[in-house]
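The values are calculated or read from the model by the stated rules, or taken from the named source; none is laboratory data. Bear in mind the structure is a predicted one, so any value in this text is a computation, not a measurement. Note that each Cβ is placed from the backbone with ideal geometry, even for glycine, and that neighbours are counted across all protein chains shown. In case anyone asks, the SASA skips ligands and DNA or RNA and just uses the protein heavy atoms, side chains included. Shrake-Rupley method; radii C 1.70, N 1.55, O 1.52, S 1.80 Å.
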Amino acid sequence: MISVEGLKVEFGVKPLFVDASFVINDKDRIALVGKNGAGKSTMLKILCGLQKPTAGVVSVPNDCRVGYLPQVMILQDDTTVREEAQKAFVDITKMQQRLDKMNQELAERTDYESESYLALIEKYTTAHERYMMMGAESREAELERTLTGLGFLRSDFERPTSEFSGGWRMRIELAKILLQKPDVLLLDEPTNHLDIESIQWLEQFLAQSSSAVVLVSHDRAFINNVSNRTLEISCGRVVDYKVKYNEYVVLRKERREQQLRAYENQQKEVADMKAFIERFRYQATKAVQVQQKIKQLEKVVPIEIDEVDNSAMHLKFPPCLRSGDYPIICDDVRKDYGEHTVFDHVTLTIKRGEKVAFVGKNGEGKSTLVKCIMGEIPYTGELKVGHNIQIGYFAQNQAQLLDENLTVFQTIDNVAKGEIRLRINDILGAFMFGGEESDKKVKVLSGGERSRLAMIRLLLEPVNLLILDEPTNHLDMPSKDVLKEAIKAFDGTAIIVSHDREFLDGLVTKVYEFGGGKVKEHLGGIYDFLQAKKITELNELGKDADYSHVGNKTFPRWEQNIPTLGTKNEPSAKSEEVLTKALSYAERKEQQKRKNRAEKAVKESEAKIEKMEKRIKELDELLMLPENAADMTLVTEYTSTKRALDEEVERWEKLSETLESIISN
């Protein structure tokens, strides 16, 4: 389908890769692997035609459709979720318009026996057959299956895309690409914005898809479940392994061991020949044998050994002070945003030295509880942070908070204090920012490199309670392994918010599940938790629900029939039975009031965001003019507006979560 020959890419003195040649075939599920900065995202951009290589040829047939999901993209905000997803069917829509035009012409014409009329009928029949083969009749059902599989509720379909956070809007873009059913799917970190259940759905979708897939992902379990072939970019070379990821890891090790043994044997033979030549070079009786050995030596083709990229992040958290026995105690903690309850009756105890995971769908309150622990937002109930606790917090957007105009060294130098400043170069070297790398500007770093730099900031001061919110986003697999081992060896306590099953496996001994306004404790590792979820069939509950309409919104029928749980003091079983059949009129009316207030707050926030985005666009255009390049007034206004925009977007996300929860309840 796609043929790559002699590919070379250079961004500086050292090329990313050279002489890369491979073919993407039908049904290929290719895992594209390599360390951060090796060129994986660049390779995907070249395959889809967004970037030109320095040398080499990429051949894509004219009838081959390529779908590409980048890590970051510009998203539209002027449609509903359904309308945006329907853009995937633009070809079907055009075909339908042509069919309607031909059908109208057939109805208006009366020359039924003419050759042109018969030709039109044949043309219409052929087009209609193609239209049906494109799945036109089932497109709406396919759209709903895909959106619900990626975590959207049916009540979300008619909501504007502007009401959703960046992660959820990326899911819409992923849905559009999947619905287009391209011949080749190029996916760059598709799991970064997905929860565990959506990742499992995507695994099944890709396994059943007829498209070829080239996938970049740092989720080891996901990439292994999907792939049947592995392309490795390492030390400037691209090596093709015709196996899934786990088998590739074993084969690469075996291949290099075989090469080493063959190389050692060859070197021994070469040494023996050279010794023979040197010993008998001047003896006339051995002249013939010496000449033979010289000819043999000239014909020897040196055995090449695959280079191994031994550079890795060396991470070790500094020794920490001993904390109290119970770093975190929550007793009946509750958090409300206006009329919306994020969670209530949260009661949990985290002991010193425990490594626990916070898991659940996006928007269920994981980061909200973290912010309560950090003291960033108010709450009700009792939340105790233990004696002598020093918290180190890695936020989900930590890497995006870095100043892009600073160098790597300046970024750390600005926050380092005391004697640590004398060790900055050593620390940067341990994180693969040694030498010239420390002079790079933050804006040219890849996502993984930014995450590593943000992690350095976390290490500058000793802590005994680590709170890591999606720490593995954009980290490559070797770096994730190093981080995982460092957390396991960490003396203190760790709370990890993550959707990465492989990262959590063997790391945590307790899982807290967030969902439905509650936090449930599960003893054991992440796969024990998943097994329990599978047995109780929680994944299927929302997907198989029967849906009906209330007003202009869509709700699961079982949600309409199940009321708020009653208290222990309710008067009779009969009243409970009545409550289980339908929400009361008063409750629905109150819910509508809450919904209206939440919608108003969201719209006001959207208006502010739109105004600031418009101003930023104007400032961008002004700063692009040479005469304004050094205008500090414009630069200052741009920086302050951008900061205010980020704060308003964060506020809008909270308001949207509130509205979403009201609608889904």
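Overview of values
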item: Å² per residue, accessible surface of region 201-291 at 1.4 Å; result: 56 Å²
item: Using a Förster distance of 30 Å, the FRET efficiency for SER116-THR93 (Cβ separation, nearest 0.05); result: 0.65
item: Region 134-293 - share of DSSP beta bridges that are antiparallel (%, nearest 5); result: 50 percent
item: Orientation-averaged projected area, Cα convex hull of region 218-338 (nm²); result: 17.5 nm²
item: Cross-link pairs beyond the 28 Å C-alpha cut-off, checked among LYS361/LYS510; LYS355/LYS518; LYS27/LYS510; LYS52/LYS181; LYS371/LYS510; result: LYS27/LYS510
item: Out-of-range pairs (alpha-carbon distance over 31 Å; input LYS366/LYS488; LYS520/LYS603; LYS35/LYS335; LYS242/LYS484; LYS87/LYS123; LYS35/LYS268); result: LYS520/LYS603; LYS35/LYS335; LYS35/LYS268
item: 1.4 Å probe accessible area per residue over region 446-521, in Å²; result: 27 Å²
item: In sequence order, calculated HN-Hα J values of region 322-335 (Karplus, 6.51, -1.76, 1.60; Hz; x Gly/Pro); result: 6, 9, x, 5, 10, x, 10, 10, 10, 10, 6, 7, 9, 10
item: Between region 477-509 and region 247-281, the alpha-carbon center distance in angstrom; result: 40 Å
item: Estimated FRET transfer efficiency when R0 is 56 angstrom, pair GLU10-GLN390 (beta carbons, to 0.05); result: 0.75
item: Heavy-atom accessible surface of region 20-101: percent carbon and sulfur, 1.4 Å; result: 49 percent
item: Pairs of Cα atoms farther than 26 Å apart, region 133-285, %; result: 49 percent
item: Heavy-atom accessible surface of region 125-266: percent carbon and sulfur, 1.4 Å; result: 47 percent
item: Surface accessible to a 1.4 Å probe, per residue, for the residues of region 1-127, Å²; result: 58 Å²
